[in-house]
Amino acid sequence: MAIDLTYAPEVTALIEKTRAFTRDVVLPIEDKHGGDIAVAGGDATRIEMQTAAKAAGVFAPHAPIEYGGHGLNMSDRAPVFEEAGYSLFGPTALNIAAPDEGNVHMLAHVANAAQKEQFLAPLARGDKRSAFAMTEPAPGAGSDPSALNTRAEKAPGGWKINGKKWFITGADGAGFFIIMARTSGEPGQRGGATMFLAPAESPGLIVGRHIGTLDKSMIGGHCEVTFEDLFVPGEAVLGEVDQGFAYAQVRLGPARMTHVMRWLGAARRGHDIAVARVAEREGFGSKLGDLGMIQKMIADNEIDIAATRALLVQACWELDQGGHASNSTSIAKTYAAEAIFRIVDRSIQMCGGIGVSDDLPLARLSREVRPFRVYDGPSEVHRWAIAKRVVGAARRAARDGA
């Protein structure tokens, strides 16, 4: 089987333009404001950066061409997203930050023509932001989506939604919400979920407090959202009734991989900073970069970067072939979330005291990448799913051979 890891000339050009734009335009904004998007100016700064990205020809690499994007597949997105992720604000500047990037992907695959015009088009252009409202306080849906508690009941002309969500990324300032609600069955049962589209100004849709978290670079925060007799018309159903969990898989696998791409870029920045420092910093009679213990950390970082990329390439290839790639995306997400944190952590260690200070960006990079081991499924849940698939395959093989 032939393996070709090269990129088309237009993709290579976009990678280079994204690298230059991120380092020349976006990094100075991030560094000036300590990686905190709210301190940097929130939506006003987002619009400023996105206007610059459009002028540079690097905006919306993931979005369909008919909506102003570059239409890249998953494999071609990987190096572009990684270069954007070199700055914590880079994904926002290119309109590829979570949750908007994942919502663009899902709407492009699931929405009907009218929904694409109303919701996808302004989202892809950066005219609006969005939120994906699925996670709930206990005992509701979290790592186990079947625990979904928010309920949608039939009403004249549409549906009424009641429930509470939390950790809804980007909710403050979002133009619309994609809401996961139960339309049949009971919490704990598989299936029975439906996705609904609702403009943010809809009566009964209430954005509450920001939940304080380690990370500060995601615009709109992580918020509590309450639905109190929120009415949505019948045409607000995204896809088909009771098929919401199936549609979520259209979004979640690719979204996990784009998280890997972006945060791998951030980890690379940390590694580059540490290597540049130990190459010149003297101690114990030599350059730190010539000492064995430092060299081990450098080598381990290089191994983690290379392994993360390799797993990402495999998972993205499977997604581009039209598969769910459930196992490959779980493996890549779990390994990458842990490896990316290790890379940044070693980088801090190599830099010593200055590594934990605000004089370098390493401490804020550590703050940003740590939650990835929880976001989009904790490592433990992915390990359980991987093992369950392997054991299930072994049992099927034993039955078939009997």
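The values are calculated or read from the model by the stated rules, or taken from the named source; none is laboratory data. The shown structure was predicted, so the numbers you read here are calculated from the model rather than taken from an experiment. Cβ atoms come from the backbone with ideal geometry, glycine included; neighbour counts cover every protein chain shown. Heavy atoms of the whole protein, side chains included, go into the accessibility calculation; ligands, DNA and RNA do not. Shrake-Rupley method; radii C 1.70, N 1.55, O 1.52, S 1.80 Å.
Report whether or not Asp172 is assigned to a loop (DSSP other than H, G, I, E, B), open to solvent by 30 Å² or more (accessible area, probe 1.4 Å) and modelled with pLDDT of 95 or more.
Yes, satisfied.
Looking for something in a strand (DSSP E or B), surrounded by fewer than 16 Cβ atoms within 10 Å (Cβ to Cβ) and at positive phi - is there at least one such residue anywhere in the range 219-230?
yes
Here are Gln118, Gln189: which of them is among the polar types (S, T, N, Q), outside any strand (DSSP E or B), farther than 26 Å from Gly221 by Cβ and open to solvent by 60 Å² or more (accessible area, probe 1.4 Å)?
Every option except Gln189 fails the conditions.
Looking at (1) crowded, with 23+ Cβ neighbours inside 10 Å; (2) closer than 20 Å to Val313 by Cα, which one does His70 not meet, given that it meets all the others?
His70 satisfies all of (1) crowded, with 23+ Cβ neighbours inside 10 Å; (2) closer than 20 Å to Val313 by Cα except (1).
I want to confirm something. Restricting to the range 3-44 and keeping residues that are hydroxyl-bearing (Ser, Thr, Tyr) and either open to solvent by 10 Å² or more (accessible area, probe 1.4 Å) or touching a His at 6+ places or on another chain (Cβ under 7 Å) (or both), which single residue is modelled with the lowest pLDDT?
Thr6
Identify all residues within the range 303-323 that are open to solvent by 40 Å² or more (accessible area, probe 1.4 Å) and touching a residue at least 24 places away in the same chain (Cβ under 8 Å); write none if there are none.
Arg309, Leu311, Val313, Trp317, Asp320
Is it true that Val39 is over 16 Å from the mean Cα position of the chain (by Cα) and in a loop (DSSP other than H, G, I, E, B)? Give the steps one after another, and end with the answer.
On the way: over 16 Å from the mean Cα position of the chain (by Cα): yes; in a loop (DSSP other than H, G, I, E, B): no.
Against the criterion (over 16 Å from the mean Cα position of the chain (by Cα) and in a loop (DSSP other than H, G, I, E, B)), Val39 does not qualify.
Restricting the search to the range 363-402, which residues are touching a residue at least 60 places away in the same chain (Cβ under 8 Å), within 17 Å of Leu252 (Cβ to Cβ) and either part of a helix (DSSP H, G or I) or in contact with a Phe, Trp or Tyr (Cβ under 7 Å, 6 or more places away or on another chain) (or both)?
Pro371, Phe372, Val381, Arg389
Of all residues in the range 205-218, how many are of a type in the set (Gly, Ala, Ser) and open to solvent by 20 Å² or more (accessible area, probe 1.4 Å)?
Looking only at that region, the number is 2.
Which of the numbered conditions does Phe81 fail, given that it passes all the others? Conditions: (1) assigned to a helix (DSSP H, G or I); (2) among the aromatic types (Phe, Trp, Tyr); (3) farther than 27 Å from Ala133 by Cα.
It is condition (3) that Phe81 fails.
Of the residues Thr12, Thr51, Thr18, only one is within 19 Å of the chain's Cα centre (by Cα) and among the β-branched types (Val, Ile, Thr); which?
When all the criteria are applied, what remains is Thr18.
Just give me the residues in the range 232-256 being crowded, with 23+ Cβ neighbours inside 10 Å and β-branched (Val, Ile, Thr), in sequence order.
Result: Val232, single match.
Of the numbered conditions (1) open to solvent by 20 Å² or more (accessible area, probe 1.4 Å); (2) not in a helix (DSSP H, G or I), Ala60 fails exactly one; give the number of that condition.
Failed condition: (1).
Identify, by number, the condition in (1) open to solvent by 50 Å² or more (accessible area, probe 1.4 Å); (2) at pLDDT 95 or above; (3) on the phi < 0 side of the Ramachandran plot that Arg281 doesn't meet.
Of everything listed in (1) open to solvent by 50 Å² or more (accessible area, probe 1.4 Å); (2) at pLDDT 95 or above; (3) on the phi < 0 side of the Ramachandran plot, Arg281 misses just condition (2).
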